[in-house]
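Asker: Structure in structure tokens, see below.
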Amino acid sequence: MSDSDVNPDAESQRFFISYTSADERWAEWVAWTLEEQGHQTTIQAWDFGPGSHFLGEMQRALSDPGRRTIAILSAAYLRSVYASNEWQAAYGVDPDGTKRHLLVVRVEDCDRPGLLRELVSVDLFDIDREKARGRLDRMIVRSRRKITEEPDFPGQ
């Protein structure tokens, strides 16, 4: 199965993209990619416009029970108190991970300290766009991710 194959059973979903300003380009790429696939995203750069109340917008995004959170993880994200509050709020909704409410996307080779270490993450760094898109597609699927075609025989 190639990294660009998509699970046809993935329904339209809603996501909040948690990131720091240092990773805004990654956050926008992730949001754009998901919206191109028919999903809805909430991202500060696009949705928190002039005149909006930042904390109110954050509260609405994080308290929506049907909205999943994608943490764009980098060294800058790990240093941010605000980003820490965002992923912890998402973690608190689903601490055992059964709903896959908090999804972690590493955009650089950085540590996953503490509770973040316990979550299976997806790495988007050091790969091409199509491979990254394929990983993102498979990450959001909540059901079993069995491939649709027989894998190559690993022996001779």
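Readers should treat all values here as calculations from the given coordinates under stated rules, not as data from a laboratory. Computed from a predicted structure; not experimentally measured.
Asker: For the chain, what does -39500 (n - 2.57) per DSSP helix run (n ≥ 4), summed and divided by total residues, give at 222 nm, in deg cm²/dmol to the nearest 500? The partial results should precede the final answer.
Answerer: On the way: 6 runs with 57 residues, N = 156.
Value at 222 nm, helices only, nearest 500: -10500 deg cm²/dmol.
Asker: For the range 47-151, go through all pairs of different Cα atoms, get the mean of 1/r, take its inverse, and jot down that Kirkwood value in Å.
Answerer: Details: mean 1/r = 0.0655 Å⁻¹.
With all distinct Cα pairs of the range 47-151 included, I get 15.3 Å.
Asker: Does anyone have the angle between helix 54-63 and the longest principal axis of the chain? Alpha-carbon axes, 0 to 90°, nearest 10?
Answerer: In the chain, helix 54-63 runs at an angle near 40 degrees to the longest axis.
Asker: If you build a Gaussian network model of the chain, linking Cα atoms that sit under 10 Å apart, which residue out of Phe54, Phe125, Phe15 swings the most?
Answerer: Phe54
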